[in-house]
Amino acid sequence: MTALLPEGFRDRLPPFADSAAALEARVLEAARLHGYERVDPPLAEFADGLEMRLKAGGLHDAVRFVDPVSQRTLAIRPDITAQVARIAATRMGHHPRPVRLSYAGSVLKLRASQLAPARETRQIGCELIGLDSVAAAQELVAVAVDMIAAADVTGASIDFTLPDLVSTLAAGPLPVASEQIATLRDRLDAKDAGAVAALAPAYLPLIEAAGPFDQAMDRLRAFDTTGALASRLDGLARIAEALDGRVALTLDPTERHGFEYQTWLGFSLFADGSPREVGRGGTYTVVHETGAEEAATGFSLYADALVERVATVDRRRLFLPFGTPASEGAAMRAQGWVTVAALDAGDTPEAQVCTHVWVSSEDPGVAGEPRAL
């Protein structure tokens with residue numbers, strides 16, 4: 001029983017752990033080339049501080065415990081976005097806006113879903129603190145596409161949504177009683193036409209306004225007879241145009257699951273054959289210590305979902321027989337080889353899971369060479 005792990009946890013063994021680390025490094029490098037500098041927040045923080053950092057809440061499914069030192073409740077981060085928001089609002093509050101930050105780290109969920117049974121996962125992402133404009137969204141979506149490409153993911157697609165759509169319409173051209181708005185959002189998200197018809201039949205066309213991007217946009221513009229959504233739709237069109245056909249685009253204007261704290265824009269990232277998202281992002285609001293609010297835009301990629309997309313793992317290992325001069329091993333490592341040196345005469349390439357073996361030359365003036373097994 002001592003070898004068992006709790007439900008939702010797992011070990012990643014060689015060579016897959018090396019492959020995952022290499023993928024993470026490539027993805028973060030793609031972010032760095034766009035000017036996003038890395039931060040590394042702690043695994044746990046005071047729960048009340050994390051909970052207030054995002055306007056609509058950012059501490060769902062958090063594992064909490066009492067710190068024996070401070071006697072205050074701590075939370076193990078279920079998401080890194082709120083921590084980056086804290087850093088930008090406090091430690092980097094003096095920094096000129098916008099602040100571009102990237103991150104990677106483990107997160108822990110209190111509960112898991114059937115589609116994603118892991119409770120501990122790796123999260124990689126970028127946050128642009130200080131702007132939620134169309135230009136900011138254009139940049140973040142483009143960075144997300146570059147990072148996915150760096151992970152060698154093929155068949156990428158983006159599904160856009162408008163998280164505050166119902167609130168905007170309910171407060172304007174299509175009034176809905178405040179106590180019914182949450183229910184209406186849920187029923188639209190579930191595409192429950194019967195329930196929507198009973199609650200607010202004027203919202204029924206939104207169920208049909210989901211699908212391929214251009215088609216969905218046409219339906220939304222036809223639905224928006226008062227122009228209440230014009231600025232949002234124009235912004236979406238500009239974001240899509242900036243992508244210049246690099247990925248497939250869809251639009252589901254009433255999708256709410258996973259977008260609890262996003263404001264006017266949300267998007268999910270998918271890959272061919274993936275049963276779930278490989279990333280999610282959008283615009284949101286950061287709350288400062290004084291209560292002041294600041295706009296932000298960002299996204300997170302789910303490293304485990306990206307690693308699962310990698311078809312092969314490179315495990316080219318060169319066996320150095322016992323007694324091989326250290327200089328020869330150093331020369332091969334300089335060429336990019338992974339070398340495994342025999343520590344006794346009985347060691348073998350097979351025992352060390354090597355793909356090649358170093359064969360020394362009998363001529364003292366000629367270098368040896370690696371040979372495939």
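The values are calculated or read from the model by the stated rules, or taken from the named source; none is laboratory data. Remember, it's a predicted structure, so these values are computed and weren't measured experimentally. Glycine gets a Cβ as well: all are built from the backbone with ideal geometry, and neighbour counts include every protein chain shown. All accessible areas refer to the heavy atoms of the entire protein, side chains included, with ligands and DNA or RNA removed. Shrake-Rupley method; radii C 1.70, N 1.55, O 1.52, S 1.80 Å.
Each residue in the stretch 251-269 was checked for being outside any loop (DSSP other than H, G, I, E, B) and surrounded by fewer than 20 Cβ atoms within 10 Å (Cβ to Cβ), and 0 pass. Here the condition is being open to solvent by less than 30 Å² (accessible area, probe 1.4 Å), hydrophobic (A, V, I, L, M, F, W, C), under 21 Å from the mean Cα position of the chain (by Cα) and at pLDDT below 90; of Leu28, Leu23, Leu59, it holds for Leu59 alone.
Scanning the stretch 33-56 for residues that are open to solvent by less than 50 Å² (accessible area, probe 1.4 Å) and over 27 Å from Glu139 (Cα atoms) yields a total of 4. The set of residues in the stretch 205-217 being over 14 Å from Ala240 (Cα atoms) and not in a loop (DSSP other than H, G, I, E, B) consists of Pro205, Leu206, Ile207, Glu208, Gly211. Of the helices (runs of 4 or more DSSP H) lying entirely inside the stretch 10-108, those containing at least 2 residues that are farther than 27 Å from Phe259 by Cβ are 16-32. When restricted to residues that are of a type outside the set (S, T, N, Q), outside any strand (DSSP E or B) and closer than 28 Å to Gly211 by Cβ, the stretch 111-151 contains 19. Once the stretch 182-197 is narrowed to residues that are under 24 Å from Lys55 (Cβ atoms) and open to solvent by 30 Å² or more (accessible area, probe 1.4 Å), the residue that is nearest to the chain's Cα centre (by Cα) is Asp189.
Taking into account only those residues within the stretch 279-307 that are aliphatic (A, V, I, L, M) and out of contact with any Lys or Arg (no Cβ under 7 Å at 6 or more places or on another chain), which is farthest from Val134 (Cα to Cα)? Among them, the one singled out is Val307.
Only one of Glu350, Glu289, Glu294, Glu277 is closer than 30 Å to His94 by Cα, in a loop (DSSP other than H, G, I, E, B) and of a type outside the set (Phe, Trp, Tyr); which?
Working: Glu350 fails: closer than 30 Å to His94 by Cα; Glu294 fails: in a loop (DSSP other than H, G, I, E, B); Glu277 fails: closer than 30 Å to His94 by Cα.
None of the others qualify; the one that does is Glu289.
Leu59 passes every criterion in (1) closer than 20 Å to Thr285 by Cα; (2) touching a residue at least 24 places away in the same chain (Cβ under 8 Å) apart from (2). If you go through the stretch 155-196 and keep only what is touching a strand residue (DSSP E or B) at 6+ places or on another chain (Cβ under 8 Å) and among the charged types (D, E, K, R), you end up with Asp159, Asp164.
The set of residues from the stretch 305-350 being at pLDDT 90 or above, more than 15 Å from Ala372 (Cβ to Cβ), open to solvent by 50 Å² or more (accessible area, probe 1.4 Å) and acidic (Asp, Glu) comprises just one member, Asp344. Taking the stretch 270-304 as the range and being within 16 Å of Val247 (Cβ to Cβ) and open to solvent by less than 50 Å² (accessible area, probe 1.4 Å) as the test, the residues that pass are Ala271, Ser274, Glu277, Val278, Gly279, Arg280, Gly281, Phe299, Leu301. When Ala82, Ala149 are checked against the criterion of being surrounded by fewer than 20 Cβ atoms within 10 Å (Cβ to Cβ), within 23 Å of Ala25 (Cα to Cα) and small (Gly, Ala, Ser), a single residue qualifies: Ala149.
Pro370 meets the stated requirement of being open to solvent by 30 Å² or more (accessible area, probe 1.4 Å), in contact with a helix residue (DSSP H, G or I) (Cβ under 8 Å, 6 or more places away or on another chain) and farther than 30 Å from Ser106 by Cα.
Of all the residues that make up the stretch 152-181, how many are on the phi > 0 side of the Ramachandran plot and open to solvent by less than 40 Å² (accessible area, probe 1.4 Å)?
1
Scanning the stretch 218-247 for residues that are touching a residue at least 60 places away in the same chain (Cβ under 8 Å) and not in a helix (DSSP H, G or I), we see that the one that is least open to solvent (accessible area, probe 1.4 Å) is Leu229.
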